[in-house]
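Notes to accompany the following structure.
The values are calculated or read from the model by the stated rules, or taken from the named source; none is laboratory data. Just so you know, these numbers come straight off a predicted model, no measurement behind them. When we count neighbours, we look across all protein chains shown, and the Cβ atoms used for this are built from the backbone with ideal geometry, even at glycine. Please note that ligands, DNA and RNA were not included when accessible areas were found on the heavy atoms of the full protein model with its side chains. Shrake-Rupley method; radii C 1.70, N 1.55, O 1.52, S 1.80 Å.
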Amino acid sequence: MMPAGEQGRWEVLETIGAYAAGELEGEEAREAERLIFERPDYRRLAESYARMLVMLDTFGSEPVEVPEAVVNFALRRAYVSAFMRSAEVFLGSLGRSYLDAFVYYLGLRPGPAREGYGGGI
């Protein structure tokens, strides 16, 4: 649960953001205008929200084109990453198998575990 002061700040942020986005009407809009006109920091916040909304609107209307080189690089990197993960798992398993076989060959493993290889001894 948020402290009362912090909760109040979030409510003010939401109110000013909603006002800047044009989502408030009637009494709520007048209350937001009163907050904005009374405090310079809230006025700057409202201006920041308005600038951000203009930027988002501008960026949202422009098509995004990714250069083919970037797409190819991302695909190559994904392929290499998948290969390296598979190689790591394979080589790790192979190394453990050879190490287990070497330990078995030297007889360093105690009694019952030696039977797991079915060596016929």
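Nearest 10 degrees is fine. How inclined is helix 40-61 to the longest principal axis of the chain, computing both from alpha carbons? For helix 40-61, the angle is close to 60 degrees.
Out of every Cα-Cα pair in the chain, what percent are more than 26 Å apart? Counting every Cα pair in the chain, those more than 26 Å apart make up 63 percent. Among Leu45, Leu108, Leu75, the largest mean-square fluctuation in a Gaussian network model of the chain, built with springs joining Cα atoms closer than 10 Å, belongs to Leu108.
Ligands, DNA and RNA are left out, and with a 1.4 angstrom probe the accessible area of the chain is 84 Å² per residue.
Taking label points 7 Å from Cα along the Cα-to-Cβ direction, Ala29 and Met84 give a separation of 5.6 nm.
Axis of helix 4-20 versus longest Cα principal axis of the chain: the two differ by about 70°, to the nearest ten degrees.
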